[in-house]
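The values are calculated or read from the model by the stated rules, or taken from the named source; none is laboratory data. If you're wondering where the values come from, they're calculated on a predicted model, not measured in any experiment. Quick reminder, even Gly has a Cβ in these numbers, built from the backbone with ideal geometry, and neighbours come from all protein chains shown.
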Amino acid sequence: MDGSKSRLPKPSGIRLPQNRPKPLTENKANVLEHRAITTASRLALHRRSKSVSDLRSLMDRPRMVPKINSILGTKAAAAAAATAAVKVAQKRKVEKGSDEVKPKVMKHAKIPDWDYKSRFNQLREKHTVLNENYKKQLEKLQDVEDLETKYEEIKKQHETLEQKSVILSSKNLDLTKDNKLFKTQISERLKKNYETLKQNYDELVEQERKNTERIEKLTAVNEALESSLQDLTENHEILTMKHEKLTAEHSAMRADYEKMLVDNKSLNDDLEKEKEKCVQLSDHVSNLKKDVYSSEILRRRLHNTVQDLKGNIRVFCRVRPPISAEEEERLQCLINYIDEKSFEIRKSRESVSAISGKPNDLKAEFALDRVFDPNSTQNEVFEDLSQLVQSALDGYDICVFAYGQTGSGKTYTMQGEPGDEAGLIPRTIDLIFNSIGNLQRTGWTYDVKASFLEIYNENVRDLLNPTSGQNLEIRYNEGKGTTVTNLIIQSITSARELKTWMATAHQNRAVAATDFNEHSSRSHAVTKIYLQGYNEDTNTRYVGSINLVDLAGSESAKTSANERLTETKSINKSLSTLGSVMLALYNKEKHIPYRNSKLTYLLQSSLGGSSKTLMVVNISPFEDCYMETINSLRFAAKVKEVKMVAKRNKTNLPSVIGKT
Ligand code: ADP
Ligand code: MG
């Protein structure tokens, strides 16, 4: 029956086998279904001719009965068909008159031939059965016809469906194409969308990161702001308190101010009165100024007259005290200070002259302008010089010499030690600037300059520029006076500044150790202070100068070490020239031998004329220095004699007692 089943025309061709594989896609399923439908349709068409009427004709042929049965599809139908076939065969046999063929179905329990009744009944039963079968067969035939009609209808439906299927198939193909295109487009669009979204996402992530950073920063800023806000709040509170306090102070001050305004008014009135008085006083002051000026002129004139009377050359002698161990180690001369101006000096023990064999009378008496014993202070020595400093400010040239053998106290006298022991130079500086300060009140302004040089072995050296190697030459010009080429002349504004320069110069000074004193100098040191005063009120100008000379040791060649011979010779030459110049000056000789030594040539404009000279002869109190002391004192006496001769027209004898 399974094989016949497949041959049966499918009434509609719509149903598909139950166990067919599930469609992968709907389209494929459609295609497969379509194929099945087509195949079924073909089969149906192929078998269209096998209608019910055909089947009836086939039934006539017994060989075809099973086939018909299979077509009809039921056992009952098969049985009916078989019966019908037997009947037909029997009928045909009867019709043809032959009974050799008996149908098997008609075989029943054997009824005797005579039993007609039973045979009739049997036949009647058979007839009934056959009749029923016939009826059933007819019904079935009717069913078959109905089926045929239905088949036709279904076939038509099938064709319609097939057409529809073709249309659908083509549509399906179009749709598939569209679908593919759509898919591609969608895919591309999706891809694009994905990329855009990804980009957006990345941007958002970056944005998020930045935002996080910004939030962190803002949080920090916020915290800082909060803390500063707190500080500000505190400050504000403090300021508010201060403000309140100040407001209170302000109102108190306001009250004071009001009071002061009243006071001010009365003061203004007083001021007006005072102003009037001032005008009167101012007139009085100008009158007084005139008086002061005239008395100033008078003072200067008197001062210089006094100085002139004192002599243009003043000779002082200063005896230095023994220092530290000297008192015990060295024998001292006996010095008898007779008065301020004269003294006696002698060796402490008798000595015998090597030539005559007689004892030498080693006593000498000297009278000079002033004698300073070892206890004299620097200030006392300066006292007399201070008057000459005043003359320098009044437009005179002053020359101060420290003369004496090495170790006699020249440098001590000129430079001294710091403090109370300051020498003539620092004291002169202080006095100059003090006087300038005082003179400013009477309308004077002063221009101060200074130069520092030394003469060593007849060579001039700038002590402010000792290593320059420049050639320093002394020039004398009748109008300008003495100048030194390439010498630094330093402008000075204060005593302190001038002392600083002095210290520099002192350090640079050529110092050589000798047998007498390690620190004694073998050169002449000249400190020159240039003073230029100007009075605006009277349009007066004074130009003066002060030369402060620390001379080299005056000891003779005999007492000097051999290697120092050249130095000593040139020193002696310059010192003897100094004596000769002074002598010639005050003898009013035509030729004054200034040019015989650098020292006298340098001081040419400060020696003679209206210039004033102060010579301090320093002596050592020791017996071993006795001869040098006497030499120095003789030189001093000679200078003093010059003065006496000059002033007194050589009428008085020189006050040198000397050897008798
Ligand atoms: P010079 O310059 O003539 O060679 P110094 O001025 O160097 O001699 O004096 C030699 C020493 O004697 C120095 O130590 C100095 O301090 C000392 N001296 C000189 N004169 C005095 C004095 N009047 N009082 C105290 N000490 C003095
Ligand atoms: Mg000295």
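Structure data summary
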{"quantity": "Within segment 314-339, considering residues that are under 29 Å from VAL389 (Cβ atoms) and not aliphatic (A, V, I, L, M), the one surrounded by the fewest Cβ atoms within 10 Å (Cβ to Cβ)", "calculated": "ASP339"}
{"quantity": "Some residue of segment 520-533 being within 16 Å of ligand 1 (Cβ to nearest atom) and modelled with pLDDT under 70", "calculated": "yes"}
{"quantity": "Within segment 291-313, considering residues that are of a type in the set (A, V, I, L, M, F, W, C) and surrounded by 15 or more Cβ atoms within 10 Å (Cβ to Cβ), the one modelled with the lowest pLDDT", "calculated": "VAL292"}
{"quantity": "Residue list for segment 585-603, restricted to those being crowded, with 18+ Cβ neighbours inside 10 Å and part of a helix (DSSP H, G or I)", "calculated": "LEU585, TYR586, TYR594, LYS598, LEU599, THR600, TYR601, LEU602"}
{"quantity": "Residue match in segment 168-179 (condition: assigned to a helix (DSSP H, G or I) and within 43 Å of the chain's Cα centre (by Cα))", "calculated": "no"}
{"quantity": "Extreme residue, nearest to GLY579 (Cα to Cα), among residues of segment 285-325 that are in a loop (DSSP other than H, G, I, E, B) and in contact (Cβ under 8 Å) with a residue 12 or more places away in the chain", "calculated": "ASN312"}
{"quantity": "Within segment 377-409, tally of residues that are surrounded by fewer than 22 Cβ atoms within 10 Å (Cβ to Cβ), more than 16 Å from ligand 1 (Cβ to nearest atom) and not in a helix (DSSP H, G or I)", "calculated": "2"}
{"quantity": "Of all residues in segment 266-290 being modelled with pLDDT under 90 and of a type outside the set (S, T, N, Q), the one that is farthest from VAL381 (Cα to Cα)", "calculated": "ASP283"}
{"quantity": "GLU383 free of Cβ contacts under 8 Å to residues at least 12 places away in the same chain and within 16 Å of ligand 2 (Cβ to nearest atom)", "calculated": "no"}
